[in-house]
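The values are calculated or read from the model by the stated rules, or taken from the named source; none is laboratory data. These numbers come from a predicted model, not from an experiment. Don't worry about glycine lacking a Cβ; one is built from the backbone with ideal geometry, like all the others, and counts go over all protein chains shown. Areas reflect the complete protein model, heavy atoms only, side chains present, ligands, DNA and RNA absent. Shrake-Rupley method; radii C 1.70, N 1.55, O 1.52, S 1.80 Å.
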Amino acid sequence: MYFAILAYHAEGIVQSWSEEEDAALMTELLRINDRLVEEKSLGPAARLGPTSEAVTLRGKGDGMVIDGPFAETKEQLLGFYVVDFPDIDGAIAAARELQRANPTAVYEIRPILLYLPGAPLATDGQS
């Protein structure tokens, strides 16, 4: 079953890290990524760019593009992982490992349906 592990953090804190601090964290996170790849549990993962460079599309029809996101939260979504485990316990264990590497981050774990071009849509959370 596929799960999204959404990584939230206070963007100002992340942007305040020195290049060395950021590189040290990324080294630790990539070590975890490598292990998950070896276990064939890691799918796509991404570190998102700054929210200051994001836009949001809202409204009916063509909608309106506005600067933002402007969520009323202290943490912003700064990245995500797609993982494949038999149940949520495996995804929680992976998120705990990520949190040990980055203890000031918050990780949300959600079951997801994976939509692949040309493949029939699964209705049970399986690919």
Exercise for review: Report yes if some residue within segment 81-94 is at pLDDT below 80 and under 20 Å from residue 49 (Cα atoms); otherwise report no.
Suggested key: no
Check your understanding: What helices (runs of 4 or more DSSP H), lying completely within segment 1-101, carry at least 2 residues that are at negative phi, touching a helix residue (DSSP H, G or I) at 6+ places or on another chain (Cβ under 9 Å) and open to solvent by 50 Å² or more (accessible area, probe 1.4 Å)?
Key -> 19-38
